[in-house]
Structure formats: structure tokens, C-alpha cells
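**Student:** Please see the structure below; I have some questions.
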Amino acid sequence: MSKLRDEYKSRIVPALSERLGRKNVLSLPKLQKIVVSMGLGAARDDRKILQQAVSELALITGQKPQICRARKSVSQFRLRQGMEVGARVTLRGQRMYEFLERLINLALPRVRDFRGINPKAFDGSGNYNMGLNEQLVFPEINPDSVKHQQGMNITFVTSAQNDEEGRALLEELGMPFRKPAAAKG
């Protein structure tokens, strides 16, 4: 079992219960899934970019990615309906906690000029979105084998009712939110 999952059950649940003022453990917010996705617009011209991105996403998440196709044609982007334009992975359970642990402890500290993640990227329902500019921050990726740098979007889907509950859950899980700048005066 993941260390973060054990910590969630032993330390985070009581801390959230106290912080949110609830005694019922089932009413507390929990992490339901993590969706990692890559938009691969350049893959319409070069199939190797798509194959490389899919293999790197599989290495990062430990799960085979689903290839996403364009829903409709857009002539300005030279895009036709059905073209392969992205890849995504939905993580749940054990793999979700292992990925989150690696993201917090290994990948985010390797981001250049990292001062914390944006605390305002919640969607109003307690879910959080963040983006990474390159896949090289994950230690599983060999920098010598990367021919095309690719960013990714990571979505944390929680059972929280609002942003404050979602933020409380992610803070307890160890997400390094950026501290507000101190007012000068």
C-alpha cells in the first residue's frame, strides 16, 4: 500500500475532520481520481510524436494511455474529425496515490523556479487543475531519449462540495501551494 494512502487514513482524515468540523468520516472530501492529459497538436503531422508521448505518459503514470481523437474538423488548424490529437490517463486507487506521491516529492521540486502551485486554480466544485510545461520533471523520463518536449495537464477530482474543502484536502495531502505575497507597507 502507498505511504500516502496509509497517511490519509491515519493522519489526514482526523485532521480534515477537525479542520472542517465534521464527525462523520464519510462526509469528508476525498480524492476520487487524477486525470493526466497531453494535447498533441503536432502529432497530426508526425505520428512518431504521438507514439513517443504515449510511451512517456505510460512510463510516468504506470498505466496505458487512451488516445483522444478530434471531435470535429477545424480547417484553420488543418484538423479533421477523428484525427489523433491527444492522450490521457485516468488514475484511481493505488496508482493514483503513488502518482500523487511522486508528483509532490519528486517532480514538482524539479520544476525550474518553483515557488509553489497556484492556489486559485480550483473550478468551483473542489476540483483542481494544474499544468506542467515539460515531461522531463519526472525522473522516469530519460532526457537523452526525448526528441520533443511536451507539456501536460493534471486534474485532481475530489468529492469536495466547494473550493475551500478541496483546498483543505490537497493541503493535507501535501500539495505545495504558493503562499500569498506579504503586503509591503
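**Student:** Which order results if 73, 37 are arranged by neighbouring Cβ count within 10 Å, fewest first?
**Tutor:** By the 10 Å Cβ count, ascending, the order reads 73, 37.
**Student:** By count of other Cβ within 10 Å, fewest leading, how are 122, 177 ordered?
**Tutor:** Sorted ascending by nearby Cβ count, the order is 177, 122.
**Student:** Once R0 is set to 22 Å, what does the formula 1/(1 + (r/R0)^6) return for the Cβ-Cβ distance between residue 112 and residue 59, expressed as a FRET efficiency to the nearest 0.05?
**Tutor:** Once rounded, the FRET efficiency stands at 0.55.
**Student:** Can I ask one more? What number, in percent, do you get for the relative contact order of the chain if the mean sequence gap of Cα pairs under 8 Å and at least 6 apart is divided by its residue count?
**Tutor:** Numbers: 286 pairs, mean separation 52.4, N = 185.
The value is 28 percent.
**Student:** By how many degrees, between 0 and 90 and to the nearest 10, does the Cα long axis of helix 163-173 differ from the longest principal axis of the chain?
**Tutor:** Roughly 90 degrees, rounded to the nearest 10.
**Student:** Over 18 Å between C-alpha atoms is what I'm after, so list which of 30/179; 3/120; 72/147; 9/179; 48/147 land there.
**Tutor:** From 30/179; 3/120; 72/147; 9/179; 48/147, over 18 Å: 30/179; 3/120; 72/147; 9/179.
**Student:** Same structure, new question: Relative to a virtual label point 7 Å from the Cα of residue 133 in the Cα→beta-carbon direction, which members of the stretch 147-161 show backbone nitrogen distances below 14 Å?
**Tutor:** Zone members listed by number: 149-152.
**Student:** Treating the beta-carbon of each Lys and Arg as +1 and of each Asp and Glu as -1, no other charges, what is the dipole magnitude of the chain about its Cα centre, to the nearest 20 debye?
**Tutor:** It comes to approximately 380 debye.
**Student:** Quick one: 3J(HN,Hα) in Hz for the stretch 119-124, Karplus 6.51/-1.76/1.60 with θ = phi - 60°, rounded, Gly and Pro as x.
**Tutor:** With the stated coefficients, the stretch 119-124 comes to x, 9, 8, 8, 9, x Hz.
**Student:** Enumerate the amide H contacts of residue 117 below 5 Å, restricted to partners 5 or more residues apart or on another chain; note that Pro and chain-start residues carry no placed amide H.
**Tutor:** For residue 117, the qualifying residues are 177, 178.
**Student:** Among the aspartates and glutamates, which have Cα under 14 Å from the Cα of residue 64 when same-chain residues fewer than 8 positions away are ignored?
**Tutor:** Reachable aspartates and glutamates: 56.
**Student:** Separate question: Which whole-Hz couplings ³J(HN,Hα) result when phi for each residue of the stretch 14-27 is put into the Karplus expression 6.51 cos²θ - 1.76 cosθ + 1.60, θ = phi - 60°, listed in order with x for Gly and Pro?
**Tutor:** x, 5, 5, 4, 5, 5, 9, x, 10, 9, 6, 5, 6, 8
**Student:** Could you go through the stretch 85-98 in sequence order and give the Karplus-derived ³J(HN,Hα) for each residue, using 6.51 cos²θ - 1.76 cosθ + 1.60 with θ = phi - 60°, rounded to whole Hz, and x for Gly and Pro?
**Tutor:** Values per residue, Gly and Pro as x: 10, x, 9, 8, 9, 10, 9, 9, x, 4, 4, 5, 5, 5 Hz.
**Student:** Taking only DSSP H segments of four or more residues, each worth -39500 (n - 2.57), what value at 222 nm results for the chain once the sum is divided by all its residues, to the nearest 500 deg cm²/dmol?
**Tutor:** After summing the helix terms and dividing by residue count, I get -7500 deg cm²/dmol.
**Student:** Please enumerate, by chain and number, the aspartates and glutamates with C-alpha under 16 Å from the C-alpha of residue 23, excluding those fewer than 8 residues away in the same chain.
**Tutor:** Candidates past the 8-residue exclusion: 165.
Each value in this text was obtained by applying a stated rule to the coordinates, not by laboratory testing. All of these numbers come straight from a predicted model, not from anything done at the bench. Quick reminder, even Gly has a Cβ in these numbers, built from the backbone with ideal geometry, and neighbours come from all protein chains shown.
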